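The values are calculated or read from the model by the stated rules, or taken from the named source; none is laboratory data. Note that this is a predicted model, so its numbers are computed, not measured. Glycine gets a Cβ as well: all are built from the backbone with ideal geometry, and neighbour counts include every protein chain shown.
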Amino acid sequence: MEALLDTPARIYYKYEGVSPAGSHKPNTAVPQAYYNHQEGITKLTTETGAGQWGTALAFATAQYGMECEVWQVAASYKMKPHRKTMMELWGATVHSSPSELTEFGRSLLATDPDHPGSLGIAISEAVAMCVADPNARYALGSVLNHVLLHQTIIGEEALLQLAKVDEVPDVLVGCTGGGSNFGGLSFPFLREKLAGRMNPTIRCVEPAACPTLTKGEYRYDFGDTAGMTPLMKMHTLGHTFIPEPIHAGGLRYHGMSPLVSHLYNEGLVEAIAIPQRECFAGALQFARTEGIVPAPEPTHAIAAAIREALACKESGEEKVILTALCGHGHLDMASYEQYLSGSMVDYDLPDSVIADAMASVPVIA
């Protein structure tokens with residue numbers, strides 16, 4: 001990749017796609033299943049966007065003989081049918097969201113039978129079904145503090161691995177939807193930065209179609225669309241915001257991790273938004289040079305790393321760039337087919353759409 005870009009920069013990526021589920025998500029799915037199993041819980045409900053989290057939780061619950069029920073965002077459910085198959089192989093039950101199984105889902109389908117869904121809607125349905133079952137609990141794969149804590153194994157390992165080759169990153173970039181991959185990679189490096197042991201620029205990279213940090217507001221909002229969750233202080237586009245059905249389904253979330261939001265608000269991390277065609281162009285370069293086909297989510301970080309590497313080519317700086325390749329794209333061939341055929345589109349998000357969604361956000365003094 002460095003040779004292709006003809007850059008003096010050195011690019012490192014922490015690859016998480018070798019887990020059984022094919023992504024970093026088992027880092028938190030397994031402990032969540034384990035602790036619930038220890039408490040005597042027999043079933044976990046959850047949502048999933050692209051299917052990486054649902055796949056990981058299905059794998060984790062299978063290890064402890066637990067049931068798993070997943071609501072997958074309709075756009076991804078239709079676009080990535082083999083994710084559903086993979087979850088079912090591990091014993092999970094998978095529903096397209098919005099579904100006919102919950103009152104909220106039925107109300108949305110009555111208005112729009114082809115509703116594309118969103119992570120916020122899928123969360124609402126998974127929580128609603130959990131509340132009705134005393135033997136069930138709800139598990140979330142991103143956003144929350146304990147999830148980001150579990151994922152910091154990524155950054156802790158990367159610190160040790162870079163130390164073996166006497167490297168310290170100058171720039172760290174991570175794809176950012178709910179915050180689990182970005183927080184998992186960046187938090188240990190941020191600790192080192194705050195302690196004065198290194199000084200990397202730390203940059204969140206999000207899709208231009210769902211720019212939570214770069215265009216959202218920092219305020220209290222619900223984590224789900226129906227307003228069932230506690231209010232969280234985070235950057236949000238409004239809990240009723242329905243993002244366009246882009247291929248990086250795992251980044252289509254209206255809010256952002258409260259921890260990542262706080263860091264961004266304090267100026268400790270940066271954020272940029274990149275359109276999906278640029279991301280897939282970077283993925284193509286990466287696949288042809290490194291041999292790994294990335295999931296659509298980390299293509300955003302790859303695109304940001306390429307931007308940084310090309311800037312180094314112009315300036316002559318020998319920066320060390322670090323990112324996390326949080327999963328492989330073996331089940332995302334429909335996305336790559338669209339890119340290769342030239343039919344993939346970028347979505348321009350009008351400010352009026354965000355304004356309408358923000359109007360539903362409660363005002364907390």
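Quick check, is Gly227 modelled with pLDDT under 95 and surrounded by fewer than 24 Cβ atoms within 10 Å (Cβ to Cβ)?
Against the criterion (modelled with pLDDT under 95 and surrounded by fewer than 24 Cβ atoms within 10 Å (Cβ to Cβ)), Gly227 qualifies.
If you take the residues of region 121-154 that are in contact with a strand residue (DSSP E or B) (Cβ under 8 Å, 6 or more places away or on another chain) and not hydrophobic (A, V, I, L, M, F, W, C), which of them is surrounded by the fewest Cβ atoms within 10 Å (Cβ to Cβ)?
Residue satisfying both the conditions and the ranking: Asn135.
For Gly51, indicate whether it is buried (at least 24 other Cβ atoms within 10 Å of the Cβ), within 21 Å of Ile302 (Cβ to Cβ) and at pLDDT below 95.
Considered against the rule, which asks whether it is buried (at least 24 other Cβ atoms within 10 Å of the Cβ), within 21 Å of Ile302 (Cβ to Cβ) and at pLDDT below 95, Gly51 comes out as yes.
Identify all residues within region 170-199 that are in a loop (DSSP other than H, G, I, E, B) and crowded, with 24+ Cβ neighbours inside 10 Å; write none if there are none.
Once the filter is applied, which keeps residues that are in a loop (DSSP other than H, G, I, E, B) and crowded, with 24+ Cβ neighbours inside 10 Å, region 170-199 yields Thr176, Gly177, Gly178, Gly179.
Could you count how many residues in region 311-365 are under 20 Å from the mean Cα position of the chain (by Cα) and under 30 Å from Phe189 (Cα atoms)?
Total meeting the criteria: 9.
Out of (1) crowded, with 17+ Cβ neighbours inside 10 Å; (2) not assigned by TED's automatic domain parsing to the domain that holds Gln151, what's the single condition that is false for Val363?
(1)
What is the number of the single condition among (1) buried (at least 24 other Cβ atoms within 10 Å of the Cβ); (2) in contact with a Lys or Arg (Cβ under 7 Å, 6 or more places away or on another chain) that Ile272 does not meet?
Result: Ile272 passes all but (1).
I need a count of the residues in region 200-242 that are aliphatic (A, V, I, L, M) and assigned to a strand (DSSP E or B).
Within region 200-242, residues that are aliphatic (A, V, I, L, M) and assigned to a strand (DSSP E or B) number 5.
Among the helices (runs of 4 or more DSSP H) lying completely within region 260-344, list those that include at least 2 residues that are closer than 20 Å to Pro169 by Cβ, touching a strand residue (DSSP E or B) at 6+ places or on another chain (Cβ under 7 Å) and not small (Gly, Ala, Ser).
Fully inside region 260-344 and qualifying: 299-315.
Residue by residue through region 292-326, note down the ones that are hydroxyl-bearing (Ser, Thr, Tyr) and under 22 Å from Glu156 (Cβ atoms).
Once the filter is applied, which keeps residues that are hydroxyl-bearing (Ser, Thr, Tyr) and under 22 Å from Glu156 (Cβ atoms), region 292-326 yields only Thr323.
Quick one: which of Trp71, Trp90 is surrounded by 24 or more Cβ atoms within 10 Å (Cβ to Cβ) and among the aromatic types (Phe, Trp, Tyr)?
Of Trp71, Trp90, the one residue that is surrounded by 24 or more Cβ atoms within 10 Å (Cβ to Cβ) and among the aromatic types (Phe, Trp, Tyr) is Trp71.
Looking at (1) among the hydrophobic types (A, V, I, L, M, F, W, C); (2) in contact with a helix residue (DSSP H, G or I) (Cβ under 8 Å, 6 or more places away or on another chain); (3) at pLDDT 95 or above, which one does Met79 not meet, given that it meets all the others?
Among (1) among the hydrophobic types (A, V, I, L, M, F, W, C); (2) in contact with a helix residue (DSSP H, G or I) (Cβ under 8 Å, 6 or more places away or on another chain); (3) at pLDDT 95 or above, Met79 violates only (3).
Could you check region 50-156 for strands (runs of 3 or more DSSP E) lying wholly inside it with 2 or more residues that are under 23 Å from Pro20 (Cα atoms)?
Strands (runs of 3 or more DSSP E) meeting the threshold: 67-73, 93-97.
Might you check whether a residue that is polar (S, T, N, Q), in contact with a helix residue (DSSP H, G or I) (Cβ under 9 Å, 6 or more places away or on another chain) and more than 16 Å from Arg203 (Cα to Cα) occurs anywhere in region 261-284?
Within region 261-284, one or more residues are polar (S, T, N, Q), in contact with a helix residue (DSSP H, G or I) (Cβ under 9 Å, 6 or more places away or on another chain) and more than 16 Å from Arg203 (Cα to Cα).
Can you tell me which condition Glu244 does not meet? The list is (1) buried (at least 22 other Cβ atoms within 10 Å of the Cβ); (2) at pLDDT below 95, and all the others hold.
With respect to (1) buried (at least 22 other Cβ atoms within 10 Å of the Cβ); (2) at pLDDT below 95, Glu244 is out only on (1).
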